1. At a 1.4 Å probe, which residues in segment B:208-253 are at least 50 Å² less accessible with all protein chains present than in their chain isolated?
2. How high is the relative contact order of chain B, given as a whole-number percent (alpha carbon pairs under 8 Å, six or more residues apart)?
3. Ordering B:I126, A:I170, B:I206, B:I307 from largest to smallest accessible area (1.4 angstrom probe), what's the sequence?
4. Could you tell me what a quarter of the Cα convex hull surface of chain A works out to, in nm² with one decimal place?
5. With axes computed from alpha carbons, what is the tilt in degrees of helix B:61-74 against the longest principal axis of chain B, rounded to the nearest 10 within 0 to 90?
6. Give the long-range amide H neighbours of A:R41: residues separated by 5 or more places, or on another chain, with amide H under 5 Å away, using H modelled in the peptide plane at 1.01 Å from N.
7. For segment B:138-275, rounded, prolate or oblate, judged on the Cα gyration tensor with a ≥ b ≥ c (square roots of eigenvalues), a/c < 1.5 rounded, else prolate if a/b > b/c?
8. Can you give the mean number of other chain Cβ atoms that lie within 10 Å of the Cβ atoms in peptide A:105-112?
Amino acid sequence: MAEPRTSVEPALRLRDLTVTFGGAHPVRAVDGVDLDVHPGRVLAIVGESGSGKSATALASIGLLPGSAEVTGSATVAGVDLVTAAESQRVPLRGSSIAMVFQDALAALNPYRTIGRQISDAYRLHHRVDKTAARKRAVEVLDRVGIRDPERRVDDYPHEFSGGMRQRAMIATAIVNNPTVLIADEPTTALDVTVQQQVLDLLTGLTDDLGMALVLITHDLGVVAETADDIAVMYAGRIVETGTVLDVFDHTAHPYTRALLQATPNLDAPSRRLAAIPGVPASGANRPTGCAFHPRCPFAEQVGEACQTVDPHLTPRPGSALHRAACHFTAEQELPHV
Amino acid sequence: MAWYLARRLAASVVVLLAISFCVYLLFYSGPSDPARVLCGKPCQPERLSQIKQFMGTDKSAVVQWVDFVKGLFVGRTYGTGAEAARCAAPCFGFSFDQRQSVTSLIWSRLPITASIAIGGAVVSLIVGMTLGPLAARFRGGVLDGLVRGGSLLLVAMPAYLLGLLAILVFGFQLNMVPVSGYVPLSESPVDWAWHLILPWCVLGLINGAAYARYARNQMLDELGSDYLLAERATGASARRVRRTARRSVWVPVTTLFGIDLALMLGGTIFTEKVFSMHGIGDLLLGGVSSHDLGIVVGTALFGAALIIVGNLIVDIVQGFIDPRVRRG
Ligand SMILES: Nc1ncnc2c1ncn2[C@@H]1O[C@H](COP(=O)(O)OP(=O)(O)OP(=O)(O)O)[C@@H](O)[C@H]1O
Ligand code: SF4
Ligand SMILES: [Mg+2]
């Protein structure tokens, strides 16, 4: 794991990123998210379903549907993808910021060969002929661990196994050496045995290419093994962020604590989030004050503030990068259990 | 692919045999006796049995069917001696009224029906694949409303009504195009097309409206799919992604096109009637009104055969455009 590189320009910088889905009942899916992702580092975004992880990812790459109103900024290669014109965003996608989706079978074009899809992605950003692009496709397939890539390059997605498909999709995402790669639950759809291989591939690529990797996951075990930094999201906001070491060892938010406690053994093979008591809040039904207060075991101790006052992310003593948004831990450490 | 083809071919033959059996039973067990029709009134019993023998209707229904199937493959001869009539393979039956094999009757009418059908199918494809994706692109707009409303209207509108309207407006009111008759392509390609323009547009509009609606919905489905989002994430422009989506929409639309074309090749009854063109549909209608069962059964089976062959071809084409079928 690399050391924090705060002095270096982040590869992806989110500031006050806010996403509101319109309609009769507007839903604020993402609410004022600030994040820096640095080259060569892996940032994990975790949180329950509906907490706004995917919306954050899609806003970062400028691919939310027209029904979403996005404010704030998402800066990649000096361009703010929130305010930039589409003509400015298109050339950045794939070359500076790329994305890997959860379900590779759905995310690959069933009518086109794997090789065609990779070389098309390459030719969008490089003026080369088809032969050169195909050579590049074989090279990238080899890099992501597809055996016999010269032959497999002409296969269709349905001829690949689940794990190989995910590798192929990673290949289309990294073919242009992006500076930021967002992987939205890249292993959720895979067998447990294959999950680890794909994660190893992603972290290997992060190191080799010096990419910044944003890894969206439900799985705190994955976070422990692969991520350098973590951002915990609840109801569209980041409630705790810092290095994985800080957040796991000096947890400063009751929600993070609950997530960790719901994960019985970080080394066990199946580590999906077990349920946390209470109903998850979302942008649609955000409680007043701290959104976590209806489920928080410490809210009573704090008193009224939890129900009325919005806690802000504040740095933990001794570590400017470890921040949490909680009235309780602003005053004291979370008690050990 | 070869194995898949062989299986499909075998299945087609079986289906065709089954259909022919049903059609055969249905028509020949009906109240109308072709021999009696031919015999006329008054009809001597000896004459009737002579005719029955000639037609082969003196045998049991199953034997008749076997004779018919045999005729399809090797041809058959009706009657004996000087009166004998030869019906070459594939023999779809015999019109004793016109003393001609149904096959040769169909064959003589086919150019007309084929001209109508192929032109109509091509127009509907053009209409559908132009308007559908455009309606999807400007979803909720004027064109989208027109496509959705228009397709509902046109689906409900019978072809002959639209045909009559077209004749009234473009033929009589505006006097732009001829309203009836057919000119063979070999005689004058310009006149051929000129006479066919109205039927092409009528069929093209009716089927094309259905295609447009289908293509629109399919296009919207495609545009919401993960793989197009993923393509955009690689840096493809919205326009390029729409092109990808259109390619995917061609796959199911080709199926519709193939089946509709086969259906129309079997006879465009109303269109031929309205535009006074003597194609296979007209042949069938004539056969019905003159109680010429040979023609009715023959053209019905010809139509069924076309649909089955059309299905087969569609499946093969699907195999070429959809790799999941081809290399499943
Ligand atoms: N296209 C959309 N239109 C309207 N609301 C949406 C849309 N996409 C997401 N939302 C809403 O935004 C909120 C956040 O959704 P998001 O997909 O970001 O959650 P997530 O954290 O990725 O969840 P999961 O773990 O289930 O993937 C949810 O309340 C969701 O219902
Ligand atoms: S602010 Fe209050 S309710 Fe929210 S997490 Fe902290 S203690 Fe719990
Ligand atoms: Mg998600």
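1. B:D226, B:Y227, B:L229, B:R232, B:A233, B:T234, B:G235, B:R240
2. Numbers: 440 pairs, mean separation 72.4, N = 328.
The value is 22 percent.
3. Details: B:I126 105, A:I170 0, B:I206 30, B:I307 55 Å².
So, going from the largest accessible area down, we get B:I126, B:I307, B:I206, A:I170.
4. On the way: hull surface 70.0 nm².
For chain A, the mean projected area of the Cα convex hull comes to 17.5 nm².
5. 70 degrees
6. For A:R41, whose amide H was placed from the backbone, the distant partners under 5 Å are A:L213.
7. Details: a/c = 2.56, a/b = 2.14, b/c = 1.20.
Since a/c reaches 1.5 and a/b is larger than b/c, the shape of segment B:138-275 is classed as prolate.
8. Values: counts 2, 5, 8, 4, 9, 7, 10, 6.
The per-residue average across the peptide is 6.
The values are calculated or read from the model by the stated rules, or taken from the named source; none is laboratory data. Bear in mind the structure is a predicted one, so any value in this text is a computation, not a measurement. FYI the Cβ positions are ideal-geometry reconstructions off the backbone, even for glycines, and counts take in every protein chain you see. The protein model used for the area step is the full one, side chains on, heavy atoms only, and it has no ligands, DNA or RNA in it. Shrake-Rupley method; radii C 1.70, N 1.55, O 1.52, S 1.80 Å.
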